[in-house]
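**Q** Sending over a structure as structure tokens; questions will come in a sec.
Where a number appears in this text, it was derived from the coordinates with a stated rule and is not lab data. From a predicted model like this one, the values you see are computed outputs, not experimental measurements. When we count neighbours, we look across all protein chains shown, and the Cβ atoms used for this are built from the backbone with ideal geometry, even at glycine.
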Amino acid sequence: MSKGTPLLQIRRLCAGYGEARILHDLDLDVYKGETLVVIGRNGVGKTTLIETIIGLTTYHAGEILFDGQAIEKWPAYRRNRLGIGWVPQSREVFPSLTVEENLEVAGRRGGAWNKDRVWELFPRLKERRGHYGNQLSGGEQQMLALGRALMTGPQLLLLDEPVEGLAPLIVVEMMQAIERMRRESQMTIVLVEQKYDLALAHSERCVVIDHGTVVHTGPSQELLGHQALIDELLGVAAAGSDPHR
């Protein structure tokens, strides 16, 4: 398990959408250079956590410290400039811009990532560089969304179900790319993923969220392949339905 001072520290965080509180007294540490996977049943607050870290939800209470700075009241654009990147579940590439233009609008002067590095990570994007966003397949759009996030030069990258709906071969390609960029750039990654075994196999640590709070944290290897334990953890407080994201 990672040691040292966390890059991201969350303490007693309460957040949601408007008056609705989805996250409740949530504590979480993310260490520099690690990949942390977040798992849980549908509707327990995983996406809300990602969107709260990047600054897209309503903050109610608690602390979010990034590299020692309190950012819980900062707007999303300031968090991004500080070094937090985000790939949303919906990808949200610009449909009327070409692949190359999608990357260029996100580029930061002097950043660690540029178009050439993205082309190297995803050669298919280089082949499609003149195609518009709405002319790409789902897998290509996901590659572009990830490449665009990298162009902002993040220290911390938030990935919300990056392989959802992708063909098996593309899933393998995406996970290999994520592992490669983490290894080569020492990037810190928080990964929300429904494909538990896949995510656990590509991460050092995992947390389980239920009803808007962390109910388990530990090495990913402890859960990998232990479906009965995963089912037990995901069944915590499972009675009744929960509308949370």
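**Q** With Cβ to Cβ distances under 12 Å as the rule, what net charge do the other residues near residue 195 carry (K, R +1; D, E -1)?
**A** Once positives and negatives cancel, what remains is -4.
**Q** With N set to the number of residues, divide the alpha-carbon radius of gyration of region 100-245 by 2.2 N^0.38 Å and report two decimals. Don't skip to the end; give the middle numbers.
**A** Values: Rg = 17.2 Å, N = 146, 2.2 N^0.38 = 14.6 Å.
Working it through for region 100-245, the quotient is 1.18.
**Q** Let me ask something additional. Got the relative contact order for region 87-167 handy, in percent, Cα pairs under 8 Å and 6 or more residues apart?
**A** Values: 104 pairs, mean separation 39.8, N = 81.
Dividing the mean separation by the residue count of region 87-167 yields 49 percent.
**Q** Turning to a different aspect of this structure: Along each principal axis of its Cα atoms, how long is region 12-61 end to end? Whole angstroms, biggest number first, please.
**A** Computed over the Cα atoms, the extents are 34, 22, 18 Å.
**Q** Sticking with this structure for a sec: Using alpha-carbon pairs under 8 Å, 6+ residues apart, how would you state the relative contact order of the chain in percent?
**A** Values: 486 pairs, mean separation 67.3, N = 245.
Relative CO of the chain lands at 27 percent.
**Q** Moving on. Can you compute log10 of I(q)/I(0) for region 117-174 with the Debye formula, treating each Cα as one identical point scatterer, at q = 0.12, 0.15 Å⁻¹?
**A** Log10 I(q)/I(0), no solvent term: -0.27, -0.43.
**Q** Same structure again: Rounded to whole Å and sorted largest first, list the principal axis extents of the Cα atoms in region 155-220.
**A** 32, 27, 18
**Q** How compact is the chain by the rule of thumb for globular proteins, expressed as Cα Rg over 2.2 N^0.38 Å? Walk me through the numbers on the way to the answer.
**A** Numbers: Rg = 17.5 Å, N = 245, 2.2 N^0.38 = 17.8 Å.
Normalised by 2.2 N^0.38 Å, the Cα Rg of the chain equals 0.98.
**Q** Per the Debye formula with a single identical scatterer at each Cα and no solvent contribution, what log10 I(q)/I(0) holds for region 1-100 at q = 0.17 Å⁻¹?
**A** Taking Cα atoms of region 1-100 as identical point scatterers yields -0.83.
**Q** I would also like to ask the following. Quick one: net charge of residue 205's neighbours, Cβ under 11 Å, K/R +1, D/E -1? Intermediate results must be reported in sequence, preceding the final value.
**A** Working: positive: none; negative: 29, 34, 204, 222.
Here the charged neighbours net out to -4.
**Q** Nearest 0.05, what FRET efficiency do residue 176 and residue 104 give at R0 = 41 Å with Cβ-Cβ as r?
**A** Details: r = 25 Å, r/R0 = 0.62.
Once the sixth-power term is evaluated, E becomes 0.95.
**Q** How large is the charge dipole for the chain, taken about the Cα centre, if only the Cβ atoms of Lys, Arg (+1) and Asp, Glu (-1) carry charge, to the nearest 20 debye?
**A** On the way: 27 positive and 31 negative charges, 165 e Å.
Magnitude of the dipole: close to 800 debye.
**Q** Which residues among region 50-73 fall inside the zone where the amide N is under 17 Å from a point 7 Å beyond the Cα of residue 25, along Cα→Cβ?
**A** Correct set: 60-63.
**Q** Calculate for the chain the 222 nm mean residue ellipticity that helices alone would give, adding -39,500 (n - 2.57) per DSSP H run of length 4 or more and normalising by residue count, nearest 500 deg cm²/dmol.
**A** Values: 10 runs with 84 residues, N = 245.
Here the helix-only value at 222 nm equals -9500 deg cm²/dmol.
**Q** In the neighborhood of residue 184, defined by Cβ-to-Cβ distances under 12 Å, what is the net charge if each Lys or Arg adds +1 and each Asp or Glu adds -1?
**A** Numbers: positive: 117, 180, 182, 183; negative: 120, 179.
Taking every other residue near residue 184 into account, the sum is +2.
**Q** Between residue 5 and residue 67, what is the spin-label point distance in nm, taking each point 7 Å from the Cα along the Cα→C-beta axis?
**A** The modelled label-to-label distance comes out at 1.2 nm.
**Q** Beyond 26 Å, what share of the Cα-Cα pairs of region 22-168 is found? Please give it as a whole percent.
**A** On the way: 3020 of 10731 pairs.
Value for region 22-168: 28 percent of Cα pairs lie more than 26 Å apart.
**Q** Related question: Considering only C-alpha atoms, what is the centroid distance from region 109-185 to region 36-78, in Å?
**A** Spelled out, the Cα-based centre of one part sits 23 Å from the other.
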